[in-house]
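This report refers to the structure that appears directly beneath it.
The values are calculated or read from the model by the stated rules, or taken from the named source; none is laboratory data. Keep in mind that this is a model prediction, so the values were computed, not measured. Cβ coordinates were reconstructed from backbone atoms using ideal geometry, including for glycine residues, and neighbour counts include every protein chain displayed. Just so you know, the surface numbers come from the protein's heavy atoms only, side chains and all, with ligands and any DNA or RNA stripped out. Shrake-Rupley method; radii C 1.70, N 1.55, O 1.52, S 1.80 Å.
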Amino acid sequence: DHSEIFLIQIRAMLRANREHQNLKILLPMITAIPEVDKAITLIRQAQNEIKDEGQECPLPQIGVMIEVPSLIYQIKALSKRVDFISIGSNDLTQYLLAVDRNNVHVAQLYDSLHPSVINAIHHIVNEAKSCNLPVSICGEMASDPIAVILLMGMGIDSLSMNATSIPRIKWLIRHFNQKEATQILSDVLAMEDSCSIREYLSGVVHNNGLGELIRSKLKLL
């Protein structure tokens, strides 16, 4: 709605990136492909404006946050336009389940281990992999030990979380190899409700002697 403000912000980011050239721009809350095209057009406009001033200005990598369900089935179209995608698990779960997680009357229905959420993320990752598009995930799932096993099985490239969660998740990842995680994912994809999924995954973690990881997460909550 305010492209003039967007251009000011992008120009500042591009100028700040000239020395280190490690900038990545992630576009949030995208609902349709034309929105991506418009944003990229504006980013290129900002790049050209800086070049016209006589300054070198490489175009950074551009990505899209997948958090609106309408993009789930447009990954191939996105792959023609962007360099990477990131799954916003909190909002994607909320919008898929039509649950406002901040509303006390329905918040109990919010569950990132709902079969539809897991299958949606699995579909996104498969589509991204088929297009050689790097995919990461952020939100509560990325720091939930039992969910991370599934994300490993799907082949997620990277996880984004707060610093306090990193040691716990690294510890869990070291105790499961890709083959094990893929088999666990296969078992979960055959399940029909989140209670069964959560119980099964909790059992997997406990059977591997990692039950303290779940208890420590509950303490933090």
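Looking across the stretch 80-128, just one residue is more than 12 Å from the chain's Cα centre (by Cα), aromatic (F, W, Y) and more than 16 Å from T31 (Cα to Cα), and that is Y110. Filtering the stretch 147-164 to residues that are in a loop (DSSP other than H, G, I, E, B), polar (S, T, N, Q) and closer than 18 Å to I66 by Cβ leaves only S160. Applying the condition of being among the acidic types (D, E) and over 20 Å from P145 (Cα atoms) to the stretch 91-132 and asking which residue is modelled with the lowest pLDDT yields D100.
Among the residues of the stretch 121-137, those identified as of a type outside the set (V, I, T), touching a helix residue (DSSP H, G or I) at 6+ places or on another chain (Cβ under 7 Å) and not in a helix (DSSP H, G or I) are C131, L133.
In this entry, T31 passes the filter for residues that are open to solvent by less than 70 Å² (accessible area, probe 1.4 Å), among the hydroxyl-bearing types (S, T, Y) and either at pLDDT 95 or above or in contact with a helix residue (DSSP H, G or I) (Cβ under 7 Å, 6 or more places away or on another chain) (or both).
Restricting the stretch 137-146 to residues that are of a type outside the set (A, V, I, L, M, F, W, C) and closer than 19 Å to V205 by Cα, the residue that is least open to solvent (accessible area, probe 1.4 Å) is P145.
Just to check your reading of the model, which residue among N22, N103 is farther than 28 Å from G155 by Cα, part of a loop (DSSP other than H, G, I, E, B) and polar (S, T, N, Q)? N103 is the lone residue from the list that is farther than 28 Å from G155 by Cα, part of a loop (DSSP other than H, G, I, E, B) and polar (S, T, N, Q).
Okay, residues lined up against (1) out of contact with any Lys or Arg (no Cβ under 6 Å at 6 or more places or on another chain); (2) more than 28 Å from W171 (Cβ to Cβ); (3) surrounded by fewer than 22 Cβ atoms within 10 Å (Cβ to Cβ):
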{"position": "Y95", "(1), (2), (3)": "yes, yes, yes"}
{"position": "R101", "(1), (2), (3)": "yes, no, yes"}
{"position": "Y110", "(1), (2), (3)": "no, no, yes"}
{"position": "I118", "(1), (2), (3)": "yes, no, no"}
{"position": "I121", "(1), (2), (3)": "yes, no, no"}
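Kindly check whether there is at least one residue in the stretch 147-162 that is farther than 30 Å from R81 by Cβ and buried (at least 20 other Cβ atoms within 10 Å of the Cβ). Yes, the conditions are met somewhere in the stretch 147-162. Considering K80, K38, the condition of being at pLDDT 95 or above, open to solvent by 70 Å² or more (accessible area, probe 1.4 Å) and over 20 Å from I10 (Cα atoms) is satisfied by K80 alone. Once the stretch 35-90 is narrowed to residues that are part of a helix (DSSP H, G or I) and in contact with a Pro (Cβ under 9 Å, 6 or more places away or on another chain), the residue that is nearest to A147 (Cα to Cα) is I43. No other residue among A181, A190 is open to solvent by 60 Å² or more (accessible area, probe 1.4 Å) and modelled with pLDDT of 95 or more apart from A190. Going through (1) open to solvent by 60 Å² or more (accessible area, probe 1.4 Å); (2) under 25 Å from T182 (Cβ atoms); (3) among the acidic types (D, E) one by one, E127 falls short only on (1).
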